[in-house]
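Here the structure comes first, spelled out in structure tokens, and everything after it is commentary.
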Amino acid sequence: MNGQNGSVPKVILSNGSTGCPAGYGQSPSTHHSALDKIRASRSRTTSVNPTDVEQDGVNMLADAGGLSYTNYLQLDKILDAQELQSEIMGNKVHDEHLFIIVHQTYELWFKQILFEVDSVRDLFMGGEKIMKSLQTKTTVAAVLDERRMLEIIKRMHRVVMILKLLVDQIHILETMTPLDFMDFRNHLSSASGFQSLQFRLLENKLGVKDENRVRYNKSNYRRVFEDAEAIEALEASEREPTLSECIQRWLERTPGLEQEGFNFPAKFQSAVEALFKHDEIAIETETNDAKKKHLIGNLKIKKEQFDTIFNAQKHDALFKRGERTMTHQALLGVIMINLYKEEPRFHQPSLLLEELMNIDSLITKWRYNHVLLVQRQLGSQTLGTGGSSGYQYLRSTLSDRYKIFLDLFNSSTFLIPREHIPPLTDQMKCLLRNQSFSSDN
């Protein structure tokens with residue numbers, strides 16, 4: 001609407017940016033040309049109805065060209081990728097379309113998760129520095145620019161949100177009855193979810209160890225992949241530092257673990273031993289024999305558990321047996337962060353540890369939902385299309401051997417009451433506000 005000075009109202013498009021969902025990459029000249037046409041048209045108008053304001057805008061694709069929504073997303077490739085084998089065989093089955101869409105969606109999200117995990121690993125590894133050390137077989141400490149910690153947490157939280165979506169997505173397949181699935185199951189031939197290259201890469205890059213995997217028909221999991229590039233990618237992912245290893249190197253540098261400094265391990269052991277002494281005195285005053293026996297047995301178990309933290313050799317023995325997943329120093333870092341998470345320097349590390357546990361939990365939930373779906377659709381005795389034992393094999397993947405960050409869950413075993421947590425020295429309080437995990441100590 002023209003003002004009293006006869007000026008023409010301006011049309012503002014994305015604050016002058018040439019980027020727009022319907023017109024990527026147009027040049028400034030074409031952008032201004034389209035605006036000039038609109039302004040010239042408005043200048044010839046003596047009045048504008050106020051209700052027309054909502055119609056302000058420019059069809060940049062039609063007037064100035066550029067990439068369309070369809071071309072930018074390459075929808076022709078995505079939407080033409082659903083090839084129903086039942087239809088090819090001359091007997092189209094309706095629910096096969098859903099089956100394909102759901103699994104293709106899984107693969108797209110796996111790709112995004114891998115993209116995020118790889119980026120976080122790179123941040124922890126200090127880019128090319130670690131990769132070069134692997135090639136030269138030299139040891140280089142992981143370097144993390146702590147200014148990127150918030151970005152790391154954000155990306156890990158994004159992975160968590162994607163996994164929540166994937167856990168719930170299985171329920172869409174549950175709208176298909178067992179008979180519906182049976183109508184086209186034979187058309188799957190030997191295709192099986194076990195052959196998902198991206199999911200195996202994800203497991204490897206997160207930190208699932210080959211020795212912890214359940215054997216697939218008594219064979220290595222790579223046996224089902226016949227493509228040379230796929231096998232090469234899997235072997236490369238086994239050689240690269242995993243996210244778990246990156247996290248452990250970072251945790252090992254937790255401020256306060258140094259013997260010559262605050263020496264948290266020693267202070268923590270003293271605090272725990274004082275607690276045990278207090279418990280022993282209380283047990284001695286117990287008059288009920290049954291309860292006293294129970295308390296003595298419980299205290300013995302607790303002492304044995306804490307001894308695996310105080311004694312590095314006992315921890316290493318558990319590590320070799322697969323009952324621990326982190327190095328002794330890294331686990332001490334976890335315990336310290338858990339106990340002092342209210343200190344400003346530990347806010348973000350504690351959030352990151354929570355996100356890692358969320359990832360582990362959601363992958364386990366996804367596996368569990370998958371197991372229930374297979375049992376619902378096929379029962380517990382039918383072999384999988386890829387030749388596995390089906391339900392029986394999938395159920396075996398629910399054990400702790402597939403938890404990458406198992407020690408984060410079990411670290412709660414070593415919490416002690418707040419009032420018994422060793423007090424921080426003034427120097428340590430200052431250190432937690434300024435010290436970087438990645439700096440040399």
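The values are calculated or read from the model by the stated rules, or taken from the named source; none is laboratory data. Because the structure is predicted, anything quoted here is derived from the model rather than measured. Neighbour counts are summed over all protein chains in view; Cβ atoms, including those assigned to glycine, are modelled from backbone coordinates with ideal geometry. Accessible surface areas use protein heavy atoms only, side chains included; no ligands, DNA or RNA. Shrake-Rupley method; radii C 1.70, N 1.55, O 1.52, S 1.80 Å.
The accessible area of Lys341, taken with all protein chains in place and a 1.4 Å probe, comes to roughly 80 Å². On the beta carbon distance between Thr175 and Leu150, with R0 = 41 Å, the FRET formula returns roughly 0.55. Within segment 183-225, the ratio Rg/Rh, alpha carbon atoms throughout and Rh by Kirkwood, equals 1.05.
Each listed q (0.18 Å⁻¹) maps to a log10 I(q)/I(0) for segment 200-353, found by the Debye formula over equal Cα scatterers with no solvent: -1.12. Shape descriptor for segment 268-367: Rg over Rh equals 1.08 (Cα atoms; Rh from the Kirkwood inverse mean 1/r).
On a per residue basis, the convex hull of the C-alpha atoms belonging to segment 65-125 measures out at 111 Å³. The accessible surface of segment 220-369, taken with every protein chain in place and a 1.4 Å probe, is 50 percent carbon and sulfur. Remark: segment 367-372, residue by residue, has Karplus-estimated 3J(HN,Hα) of 4, 5, 4, 5, 4, 5 Hz, where x stands for each Gly or Pro and the curve is 6.51 cos²θ - 1.76 cosθ + 1.60 at θ = phi - 60°.
Exposure check, 1.4 Å probe, all protein chains in place: Met161 carries approximately 90 Å² of accessible surface. When Rg and the Kirkwood Rh are both derived from Cα coordinates, the Rg/Rh ratio for segment 137-213 amounts to 1.14.
Relative to the present Cα-Cα distance, how much length would full extension add between Lys303 and Asp316 at 0.36 nm per residue of separation?
Numbers: separation 13, 0.36 × 13 = 4.68 nm, distance 1.73 nm.
Extra length available between Lys303 and Asp316 comes to 2.9 nm.
Rolling a 1.4 Å probe over the protein heavy atoms gives segment 172-269 an accessible area of 50 Å² per residue.
Could you tell me the calculated FRET efficiency between Glu107 and Phe409, based on Cβ-Cβ distance and R0 = 30 angstrom, to the nearest 0.05? In this case the efficiency is close to 0.55.
For segment 198-289, take the convex hull of the Cα atoms, compute a quarter of its surface area, and give me that in nm², please. Could the numbers behind the result be given before it?
Values: hull surface 46.7 nm².
About 11.7 nm², averaged over all directions.
Summarising the amide proton neighbourhood of Leu67: residues at separation of 5 or more, or on other chains, whose placed amide H is nearer than 5 Å comprise Tyr24.
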